[in-house]
Amino acid sequence: MSNRIFTEKEIKRLSANKYVKSVSAKGITYTEEFKHIFIAENEKGKLPRVIFEEC
């Protein structure tokens, strides 16, 4: 876990992402759809950072 705190501007931008279920200053909760995509892509060998950047 990171000690990073999201700004209001970052929270607003993250909230607009279709794969983000909820976001607060301290964390992000992703949708079930994203979790399935993440697992499938990761099993194909795609790096986590790349998956997050693409989604």
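Applying the selection to the stretch 20-37, what residues are over 20 Å from Arg49 (Cβ atoms) and either touching a strand residue (DSSP E or B) at 6+ places or on another chain (Cβ under 7 Å) or surrounded by 15 or more Cβ atoms within 10 Å (Cβ to Cβ) (or both)? Can you show your working first?
Our first condition is that a residue be over 20 Å from Arg49 (Cβ atoms); within the stretch 20-37, this holds for 21-22, 24-26, 32.
Within the stretch 20-37, Lys21, Ser22 qualify.
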Just name the residue that is nearest to Phe52 (Cα to Cα) out of those in the stretch 1-19 that are in contact with a strand residue (DSSP E or B) (Cβ under 6 Å, 6 or more places away or on another chain) and hydrophobic (A, V, I, L, M, F, W, C). Leu14
What tally of residues in the stretch 21-52 results from selecting those that are at pLDDT below 95 and charged (D, E, K, R)? 1
Report, by residue number, each residue of the stretch 19-53 that is more than 10 Å from the chain's Cα centre (by Cα), touching a residue at least 12 places away in the same chain (Cβ under 8 Å) and part of a loop (DSSP other than H, G, I, E, B). Ser24, Ala25, Lys26
Inside the stretch 23-55, can you point out the residues that are within 18 Å of Glu10 (Cβ to Cβ) and not aromatic (Phe, Trp, Tyr)? Val23, Ser24, Ala25, Lys26, Gly27, Ile28, Thr29, Arg49, Glu53, Cys55
So which residues in the stretch 3-13 are modelled with pLDDT under 95 and aliphatic (A, V, I, L, M)? Ile5
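Which residues, counting only those in the stretch 1-18, are within 11 Å of the chain's Cα centre (by Cα) and exposed (fewer than 12 other Cβ atoms within 10 Å of the Cβ)?
Narrowing the stretch 1-18 to residues within 11 Å of the chain's Cα centre (by Cα): 14-15, 17-18.
Correct list: Lys18 only.
The values are calculated or read from the model by the stated rules, or taken from the named source; none is laboratory data. Note that this is a predicted model, so its numbers are computed, not measured. Cβ: placed from backbone, ideal geometry, glycine included. Neighbour counts: every protein chain shown.
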